[in-house]
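The structure appears right after this line, and notes come after that.
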Amino acid sequence: MAKSPIDLPIDYFESDDGHRLAWREMGAGRPVVLLHGFFSNAITNWLRYGHAEKIAANGYRVIMPDLRAHGDSAKPHDPDAYPADILARDGLALVDHLGLSDYDLGGYSLGARTVVRMHVLGARPSRMIISGMGLSGLTSLASRAEHFRHILTNLGNHPKHSPEWMAEAFLKTTKGDPEALLQVLNVFTNTPEEAIRAITVPTLILAGEEDQDNGSHEDLAALIPDATHVEVPGGHMSCIVKPEFGQALADWLGEAE
């Protein structure tokens, strides 16, 4: 399948606190909302490598926002623009703006964490996708936040080919705003295991077979009552660029009714 076009029209809505947030969509049919990862955007995670196109071909309306501080969405530097759970609240605001009731909800890495926080705050999608995420990436975020804080406060000084250097290189490709992204680290919120066990809808746990960046995806899958655990080739930064990733999403979602 050819790569998806990355020049889809951009739509905007206003967050509850007045910031302009962007989303793109592809296809028609059952809505599925997909949230991208940290340093990334909707184009990079869902469009560039054809994942959204594969899902849309199954009869879905694929809705892909740019999270606050990312992509074409507002990138405020004011710490007051980043209260606890603001990314999840932005996601809920988009669902409300679009009038979605029967929909599926998924995310990668930070997007997956945001999906779980949306559930904690009351989102009730029919199905969920938690990808690029393990158990400790939801329950214990301090070390992960410090990892990214170190990257963002030492740009240009990371040893070549180190994980930090690779992350900085990725940040350059997405034209990320380091000051705004630093503020995002302050909204990282731990989710207790009992809240994860409360996810009772069918849930796909999808991760690269070499990905342990956010802890054990096996342990996460074991905690969710109706979880399907799927591994694809690659690690945290490489699995999402592979065709197997998008195919796994499309296969699990299946043909839309």
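Entry remark, region 191-204: residues being closer than 13 Å to Leu138 by Cα and either surrounded by 23 or more Cβ atoms within 10 Å (Cβ to Cβ) or of a type in the set (D, E, K, R) (or both) number 3 in total.
Among the strands (runs of 3 or more DSSP E) confined to region 1-61, the ones with at least 1 residues that are free of Cβ contacts under 8 Å to residues at least 40 places away in the same chain are located at 11-14, 20-26. Looking only at region 132-142, residues that are part of a helix (DSSP H, G or I) and closer than 16 Å to Asp211 by Cα come to 3 in all. Scoring Pro243 on the criteria (1) more than 17 Å from the chain's Cα centre (by Cα); (2) in contact (Cβ under 8 Å) with a residue 12 or more places away in the chain; (3) closer than 23 Å to His119 by Cβ leaves a single failure, condition (3).
Within region 49-65, is even one residue modelled with pLDDT of 95 or more, among the basic types (Lys, Arg) and buried (at least 24 other Cβ atoms within 10 Å of the Cβ)? Among the residues of region 49-65, not one is modelled with pLDDT of 95 or more, among the basic types (Lys, Arg) and buried (at least 24 other Cβ atoms within 10 Å of the Cβ), which makes the answer no.
A quick yes/no check of all residues on (1) within 18 Å of the chain's Cα centre (by Cα); (2) part of a helix (DSSP H, G or I):
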| residue | (1), (2) |
| --- | --- |
| Ile130 | yes, no |
| Arg144 | yes, yes |
| His150 | no, yes |
| Gly176 | yes, no |
| Leu206 | yes, no |
| Asp219 | no, yes |
| Glu231 | yes, no |
| Met237 | yes, no |
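Set side by side, the residues Leu171, Leu110, Leu100, Leu185 differ, and just one is of a type in the set (A, V, I, L, M, F, W, C) and touching a helix residue (DSSP H, G or I) at 6+ places or on another chain (Cβ under 7 Å), which is Leu185.
Can you name every residue in region 75-119 that is in a loop (DSSP other than H, G, I, E, B) and surrounded by fewer than 19 Cβ atoms within 10 Å (Cβ to Cβ)?
To start, the set of residues in region 75-119 that are in a loop (DSSP other than H, G, I, E, B) comprises 75-78, 82-85, 99-103, 109.
Those that are in a loop (DSSP other than H, G, I, E, B) and surrounded by fewer than 19 Cβ atoms within 10 Å (Cβ to Cβ): Pro76, His77, Asp78, Pro83, Ala84, Asp85, Gly99, Leu100, Ser101, Asp102.
Can Glu210 be described as part of a helix (DSSP H, G or I) and either among the charged types (D, E, K, R) or on the phi > 0 side of the Ramachandran plot (or both)? Walk me through how you get there before you give the answer.
Values: part of a helix (DSSP H, G or I): no; either among the charged types (D, E, K, R) or on the phi > 0 side of the Ramachandran plot (or both): yes.
No: the conditions fail for Glu210.
Counting the residues of region 143-169 that are surrounded by fewer than 17 Cβ atoms within 10 Å (Cβ to Cβ) and touching a residue at least 40 places away in the same chain (Cβ under 8 Å) gives 2. Being more than 16 Å from Asp177 (Cβ to Cβ), among the hydroxyl-bearing types (Ser, Thr, Tyr) and at pLDDT below 95 is not true of Ser15.
The values are calculated or read from the model by the stated rules, or taken from the named source; none is laboratory data. In this text, all values refer to a predicted model and were calculated from it rather than measured experimentally. Neighbour counts run over all protein chains shown; Cβ positions are idealised from the backbone, glycine included.
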